[in-house]
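Below is one structure, written out as structure tokens; the observations come after it.
Only the coordinates and a few stated rules stand behind these numbers; no lab work does. Note that this is a predicted model, so its numbers are computed, not measured. Every residue, glycine as well, gets a Cβ built from its backbone with ideal geometry; the counts of neighbours run over all protein chains shown.
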Amino acid sequence: MILEIKDLHADAEQRNVLKGVNLTVKEGELHVLMGPNGSGKTTLAKTIMGHPSTKITKGELLVDGKVINDLPVNERAKLGLFLEFQNPVEIEGLGLVSFLNTARGALNAQKIGYREFMGEIKANAESLRLREDLIGRSLNYGFSGGEKKKMEILQMAMLKPKMAILDEPDSGLDVDAVRIVAENINQFMKKTGAGALIITHYSRILNYMNPQFIHVISDGKIVREGGKGLIEEIERGGYGFGAEQ
Ligand SMILES: Nc1ncnc2c1ncn2[C@@H]1O[C@H](COP(=O)(O)OP(=O)(O)OP(=O)(O)O)[C@@H](O)[C@H]1O
Ligand SMILES: [Mg+2]
């Protein structure tokens, strides 16, 4: 899949947040989006996915050359887009297994038997060092912050999107968990050939990954781009433009 973001302007709840974003992510590529708090990273992620709190006012989102500006969330998911939420929600009464089963059905995923399905969930849980009993509980209900973030990666691994937008997959994770999550994302990309756009504030997760493209957003616009060296520069010297107003 090729995801193209062209001169994207978008509002979050009537407030103009994105002010002309240009970014292209191709199959198999790993991109990183960094930037100060409030610069528009999550808004960009939500706008790509078609979250109802966002509204495109100018510009285009394209998947494989087709404009998706007006497609609803479920249709974007069917094309192969996936969003990991910065703050995953707790859903009491909905189990992970039935959630994944419904989602796979909605995505017209290849049918697999129950045992194989459960086996795949358990293998992913093990690989993410997620306790098996979490699989049987309501989705994210009473989970720790780190467990919720890992659960999002498990969902990605099970739903096999073509393009994953991961909003701070490292937030709230302990040092070992950061490495484990990074390794799982790497494995997923290698196995499926998916592209990914990772939003993060810290270089730690990138010690275990090999992003080809780094983008820095400030006040709703990409202001700097570069290779991995840019991360070290930011880590050392900050953004030089502080928090957004
Ligand atoms: N639903 C909303 N209602 C009102 N304002 C919003 C909404 N979503 C985002 N904003 C505003 O838009 C701006 C950008 O927010 P966004 O969440 O995209 O920032 P971010 O770059 O992800 O920041 P962080 O690094 O803290 O996660 C902020 O000023 C925020 O308050
Ligand atoms: Mg954010």
Phi-based couplings in Hz for the stretch 205-215 (Karplus 6.51, -1.76, 1.60; Gly and Pro marked x): 4, 7, 5, 9, 10, 10, x, 8, 9, 10, 10
Each residue of the stretch 223-239 in turn: what ³J(HN,Hα) in whole Hz from Karplus with 6.51, -1.76, 1.60 and θ = phi - 60°, glycine and Pro shown as x? 10, 8, 9, x, x, 4, x, 4, 5, 4, 4, 5, 4, 6, x, x, 7
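If you rank 132, 235 by fewest surrounding Cβ atoms within 10 Å, what's the result? Working shown, then result.
Details: 132 10, 235 13.
Going from sparsest to densest Cβ surroundings: 132, 235.
Based only on Cα atoms, what Rg/Rh ratio does the stretch 101-182 have, Rh being taken as Kirkwood's radius? Don't skip to the end; give the middle numbers.
Working: Rg = 12.9 Å, Rh = 13.5 Å.
Computed over Cα atoms, the ratio is 0.96.
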Amide proton proximity set for residue 95, modelled H, under 5 Å, gap of 5+: 139
Among 103, 144, 88, whose Cα projects farthest towards the positive end of the dipole of the stretch 80-151, with charges put on the beta-carbon of Lys, Arg (+1) and Asp, Glu (-1)? 103
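Tell me, what are the semi-axes, in whole angstrom and largest first, of the equivalent ellipsoid of the chain as set by the roots of 5 times the Cα gyration tensor eigenvalues? Intermediate values should be presented prior to the final figure.
Values: eigenvalues 161, 90, 56 Å².
Sorted largest first and rounded, they come to 28, 21, 17 Å.
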Rounded to whole Å, give me the distance from the Cα center of the stretch 190-245 to that of the stretch 139-173. 19
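Would you mind getting the Kirkwood hydrodynamic radius of the stretch 139-245 from its Cα pairs, rounded to one decimal in Å?
Values: mean 1/r = 0.0667 Å⁻¹.
After inverting the pairwise mean of 1/r, the radius is 15.0 Å.
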